[in-house]
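A.B. asks: To start, I am sharing the structure in question, which I have written as structure tokens.
Values in this text are rule-based calculations from the coordinates and carry no lab data. The structure presented is a predicted model; accordingly, all values stated were derived computationally and were not measured. We place every Cβ from the backbone using ideal geometry, glycine too, and count neighbours over all the protein chains shown.
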Protein chains: 2
Amino acid sequence: MRDFSSDHRWLSLNTATVRKQGDLLQIIDACARQNIRAIDPWRDQVASVGLDRAARAVREAGLDLSGYCRGGMFVSDAAHRAAARDDNRRAVDEAKALGAPCIVLVVGGLPQYSRPGSSASKDIAEAWGRVHDGIAEMLDYARSANMPLAIEPLHPAYAADRACVNTTRQALDLCDAIDPARSGMLGVALDVYHIWWDFELMAQIARAGKDRIFAFHVCDWLVPTRDILNDRGMMGDGVIDIKRLRAAVEAQGFAGYSEIEIFSNDWWTRPMDEVLRTCIERHRTVV
Amino acid sequence: MRDFSSDHRWLSLNTATVRKQGDLLQIIDACARQNIRAIDPWRDQVASVGLDRAARAVREAGLDLSGYCRGGMFVSDAAHRAAARDDNRRAVDEAKALGAPCIVLVVGGLPQYSRPGSSASKDIAEAWGRVHDGIAEMLDYARSANMPLAIEPLHPAYAADRACVNTTRQALDLCDAIDPARSGMLGVALDVYHIWWDFELMAQIARAGKDRIFAFHVCDWLVPTRDILNDRGMMGDGVIDIKRLRAAVEAQGFAGYSEIEIFSNDWWTRPMDEVLRTCIERHRTVV
């Protein structure tokens, strides 16, 4: 397991962590001030400053990307399917322009939440089928751009509205079904927040192996959690034994960034540089 | 699959559903008014009117029980272990006095939440071990009283503070480990709220079979969920396809009550008989 205690060269900042404090260009400037050398930007943040300008700012700052957030939301009714497909193809094109190593997939839940305007449904089994087909279709396009896709299993609390892939086992089953050859183009993004509770986690991380683990995200689970989406904790403030999980992915050979992604009504109110300094300190001590 | 549309003879009321509107005796009276013939009472509600009085009221009302809530909270530090064991033995004695068919087990999460006063820990693997050992120990006592124990897998959102058994697979693995002979003394209580999202659910219900399914609980998952514990929905108001899940347990031979358990800051504010009438109507239409 790598020693993070003396520097933060393996810290990547998911830019949603400070999305309320500034735009992507301001976040990139703050990363330069704090010697953070990698980010994972969100599509809406890129769009709001313009793709070309974002790509240039990343390049000029010498930043690495640890991923691009996000593709997916594959579940829709028939009327919205072509738009969803095209939207995901644009995500691939953007990721390529930005130099991202992979696209993180949040696969979608029921159609009325995943692609608003779709007819309402309670059929989660149908949603699972749509996710399978949507990933397979997107992967064809992503292969042609040589852009890997990382399925992110989301906490089961988001099954209805964000992602109906909720365990590492389920995500890996999809990888095996869609990419049985383990081509390196389909894998998982593992966020401790979503998966820490899973009694099968260690076995599934071993099953994933190095060639299926594309990203590792950290934050913490607070008790109590006051908001199901936006009350994630700074590493060390909650109950997750983050080092144990990082040790497990690194035991498989994962040697990439430890990406900090915190959606928090609390941390979004604090000055950007204070948040980043805290991230760095916790990265060195508890990640 | 049984037809619930013309009566509510298979409706049981988990008494937490109206816990804010009255004590256990008042709830039993309301059940009589609404021709509800079964309940699942909570230990604190029994204690507050007294065990003897509660048992007499149940008997005099001719009520069935569909379970007794709850045993468990097995995870503690060493200093609190004997107290936890004794507490669970008292739960068995009370269940016996009340004529309950089983005790529902909420197994506990990390020790500081499960048994307050215990030393804090982030070691969920240790908690899983404690749960195994605690159930095994409690089962010895429960066998002597002929009182079956039903492990309730809780939604992963409760892994830290309420139960670190979070999938039907995990609960059944415990059953297999502790009671490999399938003696009928250890099984599961399946609540749609906790398990509806699980891609393995149908396979695990089939694995459980009739002799491991001791209870079936219903409510609904609301989008958005505004409170992680107390914003459960009335059946039909959320996204769960309840009939599909009831069909699955009944296909295994389950023929017991469909128990309504709703923790809801909303429904707790409404008059008790209004809540019960709504439960009955939804039981006949969407359960």
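A.B. asks: Filter the stretch A:257-287 down to the residues that are under 21 Å from A:LEU65 (Cβ atoms) and of a type in the set (Phe, Trp, Tyr), then identify the one that is surrounded by the most Cβ atoms within 10 Å (Cβ to Cβ).
C.D. replies: Applying the filter and picking the extreme gives A:TYR257.
A.B. asks: Follow-up. B:ASP3 passes all but one of (1) under 30 Å from B:PRO111 (Cβ atoms); (2) more than 15 Å from the chain's Cα centre (by Cα); (3) without any contact (Cβ under 8 Å) to a residue 12 or more places away in the chain; which number fails?
C.D. replies: (1)
A.B. asks: Right, another one. In the stretch B:109-119, how many are surrounded by fewer than 15 Cβ atoms within 10 Å (Cβ to Cβ) and within 9 Å of chain A (Cβ to nearest Cβ)?
C.D. replies: 0
A.B. asks: Quick check on my filter: what residues within the stretch B:112-126 are closer than 23 Å to B:TYR141 by Cα and in contact with a helix residue (DSSP H, G or I) (Cβ under 7 Å, 6 or more places away or on another chain)?
C.D. replies: Result: B:ARG115, single match.
A.B. asks: Quickly run through the stretch B:153-196 and pick out the residues that are within 20 Å of B:TYR141 (Cα to Cα), surrounded by fewer than 24 Cβ atoms within 10 Å (Cβ to Cβ) and among the aliphatic types (A, V, I, L, M).
C.D. replies: B:LEU174, B:ALA177, B:ILE178, B:ALA181, B:MET185 - these are the residues of the stretch B:153-196 that are within 20 Å of B:TYR141 (Cα to Cα), surrounded by fewer than 24 Cβ atoms within 10 Å (Cβ to Cβ) and among the aliphatic types (A, V, I, L, M).
A.B. asks: Let me ask something else about it. Looking only at the stretch B:245-264, how many residues end up being more than 17 Å from B:ALA16 (Cβ to Cβ) and either of a type outside the set (A, V, I, L, M, F, W, C) or within 13 Å of chain A (Cβ to nearest Cβ) (or both)?
C.D. replies: Summing the residues that are more than 17 Å from B:ALA16 (Cβ to Cβ) and either of a type outside the set (A, V, I, L, M, F, W, C) or within 13 Å of chain A (Cβ to nearest Cβ) (or both) in the stretch B:245-264 gives 8.
A.B. asks: For the stretch A:197-244, which residues satisfy the criterion of being surrounded by fewer than 20 Cβ atoms within 10 Å (Cβ to Cβ) and either among the small types (Gly, Ala, Ser) or away from chain B (no Cβ under 12 Å) (or both)?
C.D. replies: A:ALA203, A:ALA206, A:ARG207, A:GLY209, A:LYS210, A:ASP211, A:GLY236
A.B. asks: Kindly establish whether B:ALA136 is surrounded by fewer than 21 Cβ atoms within 10 Å (Cβ to Cβ), away from chain A (no Cβ under 14 Å) and in contact with a helix residue (DSSP H, G or I) (Cβ under 6 Å, 6 or more places away or on another chain).
C.D. replies: When the stated conditions are applied, B:ALA136 passes them.
A.B. asks: Exactly one condition in (1) part of a loop (DSSP other than H, G, I, E, B); (2) free of Cβ contacts under 8 Å to residues at least 40 places away in the same chain is not met by A:GLY236; state its number.
C.D. replies: For A:GLY236, the exception is condition (2).
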